[in-house]
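Read the structure below first, then the notes.
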Amino acid sequence: MKLSVGVLVIVASVAYLIVSGATGKTMYFLTVPEVQQQLTTLTGAPLRVAGKVTDDPIAWDVRQLSLAFVMGEGQARLPVRYQGVKPDMFQTGVDVIVEGRLGSDGVFAASVLMTSCPSKYQDDKNTTL
């Protein structure tokens, strides 16, 4: 009897951890073209967007910790403003993921900016070292 109650408590605890970890914390990310297609419906909503930093000028103000850049994919472009510390790997051509809200002016106000690992950490067979 004690063993079955113990097993039931353990199973219930594991199930609770799985369910609570999988809900509420997950956020699907959109691509820049997907955001461009749904500009009016996405305005003001919390979003996570993935794309590359384009060749457009990057404005970085060290004193204000203010960063403005454009991310894009193909012909789609999304201007981004970010307030905070610039990631070390941030540069033109790097894949980035931003979290924040799309303003009515079409500028994405990012509260989180993440960069992915650059390809120089990969060997010729595209496997991570």
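Values quoted throughout were computed directly from the atomic coordinates according to the rules given, and no laboratory measurement underlies them. Here the structure is a predicted model, which means the values were calculated and not measured. Quick reminder, even Gly has a Cβ in these numbers, built from the backbone with ideal geometry, and neighbours come from all protein chains shown.
Overview of values
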item	result
Order of Tyr82, Tyr16 - criterion: other Cβ atoms within 10 Å of each residue's Cβ, fewest first	Tyr16, Tyr82
Distant-in-sequence amide H partners of Leu30 (H built 1.01 Å from N, under 5 Å)	Arg48, Val49, Ala50
Residue exposure sequence - Met114, Met71, Met1 - by fewest surrounding Cβ within 10 Å	Met1, Met114, Met71
Full-extension gain in nm, Ala109 to Ile18, via 0.36 nm per residue minus C-alpha separation	29.6 nm
Per-residue HN-Hα couplings for region 79-90 [Karplus 6.51, -1.76, 1.60; θ = phi - 60°; Hz; x = Gly/Pro]	x, 10, 10, 9, 10, x, 6, 6, x, 4, 7, 5
Residues Ile97, Ile10 arranged by fewest to most Cβ contacts within 10 Å	Ile10, Ile97
Low-density loop cleavage sites - trypsin sites (Lys or Arg not before Pro) in region 1-85, where at most 12 other Cβ are within 10 Å (DSSP)	Lys25, Arg63
